[in-house]
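The values are calculated or read from the model by the stated rules, or taken from the named source; none is laboratory data. A quick note: this is a predicted structure, and the numbers were derived from the prediction, not measured. Cβ: placed from backbone, ideal geometry, glycine included. Neighbour counts: every protein chain shown.
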Amino acid sequence: MFKNIKNIDKIVYGVGSFNQLDDIIAPIRQENNKYFVFIVDDFFKGKELEKRLPLKDEDIVKFVFTSKDEPKTGQIDELRDDIMNKKGLPSGVVGIGGGSAMDIAKALSVMFGQEGSSTLYQGLNLAKNPGVYHVGIPTISGTGAECSTTAVLTGPEKKLGIKCEYTPFNQLILDPELTSTVPRDKWFYTGMDCYIHCIESSTGRLYNTFSKAYGDTALQLCREVYLGKNSGQTLENAEKLMVASLFGGLSLSYSEVGVCHALSYGLSYVLGTRHGIANCISFNVLDDYYPQGLTEFREMLVTNKIELPKNLAKDWSEEQITKMAEIAYALSHMWDHALGTGWKEKLNLDTVKDLFRRM
Ligand code: NAD
Ligand code: ZN
């Protein structure tokens, strides 16, 4: 069976394209209770972008605090219940921010169509009703969350996406200028999420020409942004990285992440480590799995003068390492893609624990 991929309906790309938001959502404002919910990363509170939001009287702005916690199922349930109780179903949701804000906007829009807690819909095709119209406006590049069919949420029992055909955005606005304020470390770590997506996508059994076409372009763009004489955080590179992020995500839509993301999920679940840096820490111990990608990744660290945290595991308890390994080991679709269907014969829980001990 080949995947039947639900893609983004519409995309606007270009420096300054954020200004088109008002016109784009105007026709949708006729639906449901005729107001929009803006989910905005709290970095933008009081900043110029807040003043540029095309708000109408009835609209709701929710600033989301993303610098500590990744999106939670409880947070989505609370947002939906609060908004529904006060104003009923909105015309749509606009998400502005990084992967976290993208996922909150996607999950919220799906949950506007479902009953009960979002924990019930973590998994594949569990949501039965359409959600509401939603627009994604990324302000940091790398995760591919802007185009993926999943909205990753951490619940009481698991970190797993709401993955269904109602999850992808109806509209993307890709304005590279919005990423100009990203601090250098986050620019690197989140950008590396894209690089690692492409490496993992290309080294597993689901890889095909569709994934390769997008992944090769994304890898080339990452190399231009992070290696060589024109590397660095310039507007030209912001334009490249925004497309790389999108293409990295599209490469994954026909392929899958692998060993690095499995470990990274374990790390984030137990310690709350942010996705981008958790990937980098995990990737750095995977010489046995991704030797070529690692050589290039380490060159990128040097070129951009990034000091990756090391010797972390010495402070972790055996219990924490076991939990990390159990979370990682349970992500069978990632191991299956990376190592093949017989992956359990190649690797057991102790092997995974040893990988965490190297971090
Ligand atoms: P993020 O959304 O977690 O934000 C990281 C930090 O960057 C925050 O402190 C935020 O305030 C700040 N920030 C964002 N834009 C900024 C800007 N323009 N200027 C200054 N600061 C800015 O970052 P992320 O790395 O993009 O996303 C990580 C999240 O994405 C995780 O929750 C992860 O689970 C999720 N993710 C989802 C998918 C998917 O397919 N759905 C894929 C990968 C990652
Ligand atoms: Zn990722």
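Can you tell me how many residues in segment 326-341 are buried (at least 17 other Cβ atoms within 10 Å of the Cβ) and within 22 Å of residue 123 (Cβ to Cβ)?
So the answer is 9.
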Open item on the list: Any residue in segment 191-206 that is of a type in the set (A, V, I, L, M) sitting within a Cβ distance under 6 Å of a residue that is within 13 Å of ligand 1 (Cβ to nearest atom) and assigned to a helix (DSSP H, G or I)? List the pairs, counting only those 6 or more apart or interchain.
Closed with: 192/280; 196/260; 196/279
Open item on the list: Just to verify a result, which residue in segment 58-71, among those that are away from ligand 2 (no atom under 16 Å from the Cβ) and at pLDDT below 95, is nearest to residue 120 (Cα to Cα)?
Closed with: 69
Task: Of residues in segment 1-56 being exposed (fewer than 13 other Cβ atoms within 10 Å of the Cβ) and aliphatic (A, V, I, L, M), the one farthest from residue 141 (Cα to Cα) - done: 1
Open item on the list: For the structure I just gave you, tell me whether residue 65 is without any contact (Cβ under 8 Å) to a residue 24 or more places away in the chain and either surrounded by fewer than 19 Cβ atoms within 10 Å (Cβ to Cβ) or closer than 23 Å to residue 239 by Cβ (or both).
Closed with: yes
- [ ] For residues that are more than 12 Å from ligand 2 (Cβ to nearest atom) and of a type in the set (A, V, I, L, M), scanning just segment 248-262, find the one that is surrounded by the fewest Cβ atoms within 10 Å (Cβ to Cβ).
- [x] 250
TODO: Name every residue in segment 174-199 that is over 15 Å from the mean Cα position of the chain (by Cα) and either surrounded by fewer than 16 Cβ atoms within 10 Å (Cβ to Cβ) or within 12 Å of ligand 1 (Cβ to nearest atom) (or both), in order of residue number.
DONE: 175, 176, 177, 178, 179, 180, 181, 182, 183, 184, 185
TODO: Go through the residues of segment 219-226 one by one and say whether even a single one is at pLDDT 95 or above, on the phi > 0 side of the Ramachandran plot and either surrounded by fewer than 21 Cβ atoms within 10 Å (Cβ to Cβ) or of a type in the set (S, T, N, Q) (or both).
DONE: no
Open item on the list: Checking the condition among the aromatic types (Phe, Trp, Tyr) and assigned to a loop (DSSP other than H, G, I, E, B), which residue from 289, 269 passes?
Closed with: 289
Task: Selected residue (criterion: farthest from ligand 2 (Cβ to nearest atom)) from residues of segment 126-156 that are in contact with a Lys or Arg (Cβ under 7 Å, 6 or more places away or on another chain) and modelled with pLDDT of 95 or more - done: 134
Task: Single match in 251, 245, 282 (criterion: farther than 26 Å from residue 67 by Cβ, in contact with a Cys (Cβ under 8 Å, 6 or more places away or on another chain) and not in a loop (DSSP other than H, G, I, E, B)) - done: 251
